[in-house]
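The values are calculated or read from the model by the stated rules, or taken from the named source; none is laboratory data. Here the structure is a predicted model, which means the values were calculated and not measured. Note: ideal-geometry Cβ built from the backbone for every residue, glycine included; neighbour counts use all protein chains shown. Surface accessibility is based on the protein's heavy atoms, side chains included, excluding ligands, DNA and RNA. Shrake-Rupley method; radii C 1.70, N 1.55, O 1.52, S 1.80 Å.
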Amino acid sequence: MANRILKIGVMGPGESASGADMAVAFSLGALIAKNGWILLSGGRATGVMGAVNKGYKSKGGTMSVGISPVDEEGMSDDVDLIISTNMRSGRNYINTLSSDILVAVGDLSSAGTLSEVALGLIKNKPFEKKRNAFPVILLGSGPMHGALVKTYREKVLQVNSPEEVINRILALMKKK
């Protein structure tokens, strides 16, 4: 990753996202833009995906990538590059593999978000040996968060704010 721009994948619920999840996602998108990183998401105009892209563009983010489950219908106008997969939820694997660091925002009861977290854990196994292997960052709390942190200790970081996400990413980058 020497001279490449970091790609931060932000995943979270769509239609079921809460107002709080969307506010957090907006703030996270703005902070990702301020750091000059690329934003990767599901790209849809709803929920966490829509909010993170709006936040990213609000601070002049230069490249947001949306991995579409089907085609360009329903995608956010704030996404710069739409990759249409026609894979439905299979696109979650592309989201995970294409992200240098994966951040899950909000409630993990969404099957799509939970699958992305699980694929992120598989991608980074064994964590210590893989090039570009970083833990999955969980932004929020809930029963599933606690279970993942307990089970996958060094592979999952739980944080409480968008600022903490950025601080953890910067610390991880220094270690690599």
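Taking each of Lys7/Lys175; Lys57/Lys175; Lys59/Lys123; Lys34/Lys150; Lys54/Lys150; Lys123/Lys150 in turn, the alpha-carbon distance tops 24 angstrom for Lys57/Lys175; Lys59/Lys123; Lys34/Lys150; Lys54/Lys150. For the range 34-45, putting each phi into the Karplus relation 6.51 cos²θ - 1.76 cosθ + 1.60 with θ = phi - 60° gives couplings of 4, 8, x, 8, 7, 9, 10, 8, x, x, 5, 7 Hz, in residue order, rounded to whole numbers and with x for Gly and Pro. The three principal axes of the C-alpha atoms in the range 17-96 carry coordinate ranges of 31, 26, 21 Å, sorted with the longest axis first.
The overall shape of the range 60-102 is oblate: from the C-alpha gyration tensor, with semi-axes ordered a ≥ b ≥ c, the ratio a/c is 1.5 or greater and a/b is no larger than b/c. By accessible area, using a 1.4 Å probe on protein heavy atoms only, the range 48-154 has 55% of its surface on carbon and sulfur. Summing Cβ point charges (Lys, Arg +1; Asp, Glu -1) relative to the Cα centre of the chain gives a dipole of roughly 960 debye. The value obtained for the chain, namely the Cα convex hull volume divided by the number of residues, is 100 Å³ per residue.
The packing ranking of peptides 108-121, 40-53, 147-160, highest mean first, is 40-53, 108-121, 147-160, where packing means the average number of other beta carbon atoms within 10 angstrom of each residue. Taking Lys and Arg as +1 and Asp and Glu as -1, the other residues whose beta-carbon sits under 14 Å from that of Lys57 total 0. For the chain, the solvent-accessible area works out to 48 Å² per residue, with a probe of 1.4 Å and every protein chain left in place.
The magnitude of the dipole of the range 44-92, with charges of +1 and -1 set on the Cβ of Lys/Arg and Asp/Glu and taken from the Cα centre, is near 240 debye. First select every other residue whose beta carbon is under 9 angstrom from the beta carbon of Ala33; then total the charges, Lys and Arg +1, Asp and Glu -1. Residues near Ala33 contribute +3 overall.
With R₀ set to 41 Å, the beta-carbon distance separating Thr151 from Ser58 gives a calculated FRET efficiency near 0.70.
Over the range 46-165, what relative contact order in percent results from Cα pairs under 8 Å that are six or more residues apart? Before the final figure, lay out each step's value.
Working: 168 pairs, mean separation 20.8, N = 120.
17 percent.
The fraction of Cα-Cα pairs per 10 angstrom bin, counted from 0 for the range 1-61, comes to 27, 53, 17, 3 percent, rounded to whole percents.
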